[in-house]
Amino acid sequence: MKILGIETSCDETAAAVVENGTIVHSNVIASQIDLHHKTGGVVPEVAAREHVLKITPVIEEALQIAGMTLNDIDAIAVTQGPGLLSSLVIGVTGASALSMATGKPLIPVNHIAGHIYANWLGEKPEDPIQFPAMVLTVSGGHNELVYMKSHVSFQLIGETLDDAAGEAFDKVARILGLGYPGGPIISRVAVNGNRKRFPFPQAFMGKDSYDFSFSGLKTAVLNVVKEEHAHEGVLSEEFVADCAASFEETACQVLSNKLLKAAQQYKVKEVHLAGGVSANRRLRAVVQEKIEGKYFFDASEKKVAITHAPKLRFAENITFCTDNAAMIASTAFFHYKKAPHHYIKPFPILADPNMRMYA
Ligand code: KG4
Ligand code: ZN
């Protein structure tokens with residue numbers, strides 16, 4: 001089944017053609033990063049206008065690269081939410097128009113579920129994903145721990161109570177004068193920094209909580225930077241690198257500790273990283289180190305003995321970590337497979353900025 005996916009939830013206009021949820025025939029992304037660089041963040045009105053300009057050429061290019069026309073496509077998938085409403089509306093309207101014109105099914109997709117399914121893109125038959133899996137999905141706009149018992153079964157076990165980790169990366173980059181988007185720049189600068197120089201706080205949300213909080217960490221960085229400004233006037237390269245490295249390390253420790261604790265408690269076979277922040281090399285390395293160092297229980301629960309540690313997965317291709325439409329087409333396939341009768345004819349769908357992932 002070939003699905004044309006469309007994604008416009010934030011500042012990327014994207015379209016892709018994916019077969020059976022795993023084979024990517026095309027994946028076109030028109031990024032607005034340069035446009036938002038000036039403002040240090042996304043201005044919704046500016047993003048929406050750009051989506052209007054790009055949506056048609058991006059869809060045409062995705063079909064062209066796939067070597068297909070709309071006749072070859074079996075269904076249209078689109079991000080329904082969460083996201084910026086004025087951005088979502090462009091994709092939802094475009095996808096609805098295509099579905100009406102062609103009579104092909106329209107499959108609405110939750111953006112966070114989309115990030116989770118990025119790990120299925122390029123799945124190899126000889127290395128299929130095993131359930132249950134614990135997924136840390138962490139982006140600029142969201143930050144969740146999700147337990148998956150099977151396809152399209154998402155149990156939210158923790159989320160951020162304030163900022164998402166990606167948002168913290170972006171804000172800290174701005175505080176350090178590094179530009180937008182912050183994640184990739186922070187990780188580049190952090191390579192030369194001292195991760196231990198600033199012992200930033202790791203929010204403790206209660207013994208049994210899998211929730212996150214990053215606003216205190218962001219404020220701690222701001223305070224250190226203000227103090228440095230007051231004493232030194234300007235921030236030295238060394239200070240910026242140490243601050244970026246200490247911040248990145250703290251964020252990675254918090255994220256990986258909760259992920260691994262949840263993986264142990266839920267006795268999962270796999271641990272997945274998803275979303276824009278899963279592109280972070282340090283996060284990938286820290287999670288891998290911890291998987292190797294932790295004890296995992298036998299699935300039979302008979303012994304407290306250790307068996308296989310879960311397998312760690314993340315998208316090797318970084319364009320699948322950040323916003324893209326291939327992940328939307330993949331998610332749509334697994335939803336469709338589970339309940340094809342839901343999508344028999346074109347029907348109206350909502351563009352919902354606040355939609356919860358498990359709703
Ligand atoms: O998934 P995404 O493209 O958009 C949302 O759904 O929010 O994620 C974008 C976020 C941004 O906050 C960006 O700074 C962060 O992902 N990001 C990273 C890295 N690459 C992107 N954060 C840390 N390290 C990276 N290498
Ligand atoms: Zn996203």
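Suppose the Debye formula is applied to equal point scatterers at every Cα of the range 218-288; what is log10 I(q)/I(0) at q = 0.11, 0.20, 0.27 Å⁻¹?
Evaluating at q = 0.11, 0.20, 0.27 Å⁻¹ gives log10 I(q)/I(0) of -0.39, -0.86, -1.19.
Within straight cross-link reach of Lys311, meaning Cα distance under 24 Å, which lysines are found once same-chain residues fewer than 8 apart are removed?
Once the sequence-local lysines are set aside, what remains near Lys311 is Lys124, Lys149, Lys258, Lys261, Lys267, Lys269, Lys290, Lys294, Lys302, Lys303.
So what is the 222 nm mean residue ellipticity for the chain from helices alone, if each DSSP H run of at least 4 adds -39500 (n - 2.57) and you divide by all residues, rounding to the nearest 500 deg cm²/dmol?
Working: 10 runs with 147 residues, N = 359.
That calculation yields -13500 deg cm²/dmol at 222 nm.
What ranking do 14-20, 59-65 get when scored by the average of other Cβ atoms within 10 Å per residue, highest first? Could the numbers behind the result be given before it?
Details: 14-20: 25.9, 59-65: 17.7.
Ranked by mean Cβ neighbours within 10 Å, highest first: 14-20, 59-65.
Which FRET efficiency, nearest 0.05, do Glu227 and Arg281 yield, Cβ-Cβ r, R0 25 Å? Don't jump to the answer; show the numbers that get you there.
On the way: r = 29 Å, r/R0 = 1.17.
Rounded to the nearest 0.05, the efficiency is 0.30.
If amide H atoms are built 1.01 Å from N in the plane of the peptide, which residues on other chains or at least 5 residues away come under 5 Å of the amide H of Gly275?
Hits under the 5 Å cutoff: Val138.
So how compact is the range 75-167: Cα radius of gyration and Dmax in angstrom?
15.4, 42
If you place +1 on the Cβ of every Lys and Arg and -1 on the Cβ of every Asp and Glu, how big does the dipole about the Cα centre of the chain come out, in debye to the nearest 20?
Details: 33 positive and 38 negative charges, 206 e Å.
So the magnitude is around 980 debye.
Can you list the lysines whose alpha carbon sits under 20 Å from that of Lys226, skipping same-chain ones fewer than 8 residues off?
Lys171, Lys196, Lys218
Sorted by average packing, counted as other Cβ atoms within 10 angstrom per residue and highest first, what order do 126-135, 339-348 take?
Values: 126-135: 16.2, 339-348: 11.7.
Ranking, from highest mean packing down: 126-135, 339-348.
So what are the three principal axis dimensions of the range 30-184 from its Cα atoms, in whole Å, longest to shortest?
50, 41, 26
According to the Cα gyration tensor, what semi-axes, each the square root of 5 times an eigenvalue, does the equivalent ellipsoid of the range 115-217 have, listed from largest to smallest in whole Å? Mind showing how you got there, number by number?
On the way: eigenvalues 167, 72, 31 Å².
The three semi-axes for the range 115-217 are 29, 19, 12 Å.
Output the Cα-based Rg and Dmax of the range 181-268 in Å, rounding Rg to one decimal and Dmax to a whole number.
Every Cα atom of the range 181-268 included, Rg and Dmax give 14.9, 51 Å.
By a straight-distance test (C-alpha under 24 Å), which lysines pair with Lys104 as possible cross-link partners, with residues fewer than eight away in the same chain excluded?
Lys2, Lys54, Lys337, Lys338, Lys345
Could you run the Debye sum over the Cα atoms of the range 128-313, one equal point scatterer each and no solvent, and tell me log10 of I(q)/I(0) at q = 0.09 Å⁻¹, two decimals?
Here log10 of I(q) over I(0) equals -0.34.
Taking the Cα atoms of the chain, report the difference between the largest and smallest coordinate on each principal axis, in whole Å and largest first.
64, 58, 31
Where a number appears in this text, it was derived from the coordinates with a stated rule and is not lab data. Keep in mind it's a predicted model, so treat the numbers as computed, not measured. Glycine gets a Cβ as well: all are built from the backbone with ideal geometry, and neighbour counts include every protein chain shown.
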